Amino acid sequence: MKHIIPSHSKTKGFTLIEMVVAIAIFTAVALVAVGALLKVMDANQKAQTLKSAINNMNFAMDSITREMRVGTNYYCMPGGVDIGALAELPAPRGCDAVGSWAIAFKSSETEPIDEDTNCNLIHVYWFDGSNILKWQQENCGEGPLGEGDFYPVVSGLGSTAEDDDAAIGLDAGYIKVVTGNGSQPYARIRFKGEAGVEVQRSRVRSAFDFQTTISQRLID
């Protein structure tokens, strides 16, 4: 005896063409979603690395500003550090320098020479074209033996390592130092560069520009 299945109860599946179209649509939507997600991740990484760079640079500039404001005898060295001049600073000297330069000054820190006399210890900040370096006296009359006596002020500066969150590159440094002529000595410092990381899928870098003006509290 034959059983007849009503036509309205017959089940249907997807055809091959429908499956191909559905997979193609899903693939397109997935690619768009993944691309958007990667862009969001890159934007977040870019924001975090720029924030890290700005925090590092702000710390460096604040440190330089605090020390120079209470220092005296601003001595600008365009072109780099004059090692021979640092044992005892000569008269204050201004300059208008781009690229490598150094600024030396007598800090507010003192060290006794004898029972009746103190000296102000010398501090030096040096921009060598890509890094911000520092040297400071520990004893009166002491001078740096060479470039190896300087240490970096900003962490991650000049780094290009992949996935280094603190990678900062300085491509320009400018200083203008004005002294004497009855005016209050001051220094204007500016740094330009980039911060970010190099990742396989893209170059996540952001430009920044820092500038500050430091007025000497005590006139020479």
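Is there a residue in region 59-77 that is in a helix (DSSP H, G or I), among the acidic types (Asp, Glu) and either touching a Leu at 6+ places or on another chain (Cβ under 9 Å) or touching a residue at least 12 places away in the same chain (Cβ under 8 Å) (or both)? Yes: region 59-77 contains one or more residues that are in a helix (DSSP H, G or I), among the acidic types (Asp, Glu) and either touching a Leu at 6+ places or on another chain (Cβ under 9 Å) or touching a residue at least 12 places away in the same chain (Cβ under 8 Å) (or both).
Every listed requirement among (1) touching a Gly at 6+ places or on another chain (Cβ under 8 Å); (2) touching a residue at least 60 places away in the same chain (Cβ under 8 Å); (3) buried (at least 18 other Cβ atoms within 10 Å of the Cβ) is met by residue 100 save one, (3).
Considering each residue of region 80-92 in turn, at least one proves to be in contact (Cβ under 8 Å) with a residue 60 or more places away in the chain and surrounded by fewer than 18 Cβ atoms within 10 Å (Cβ to Cβ).
Out of 146, 129, 141, which single residue is in contact (Cβ under 8 Å) with a residue 40 or more places away in the chain and either closer than 17 Å to residue 73 by Cα or among the basic types (Lys, Arg) (or both)? Even if it seems obvious, please write down each step before you answer.
Working: 146 fails: either closer than 17 Å to residue 73 by Cα or among the basic types (Lys, Arg) (or both); 129 fails: either closer than 17 Å to residue 73 by Cα or among the basic types (Lys, Arg) (or both).
Just a single option satisfies the conditions, and that option is 141.
Within region 148-174, the set of residues being exposed (fewer than 13 other Cβ atoms within 10 Å of the Cβ) and at pLDDT 75 or above comprises 148, 151, 171.
Residues of region 33-81 being among the polar types (S, T, N, Q) and touching a Gly at 6+ places or on another chain (Cβ under 9 Å), which ones? Selection gives 45, 49, 52, 56.
The values are calculated or read from the model by the stated rules, or taken from the named source; none is laboratory data. Being a predicted model, the structure only gives us computed values, none of them experimental. Counting neighbours? That spans all protein chains shown, and the Cβs are built from the backbone with ideal geometry, glycine included.
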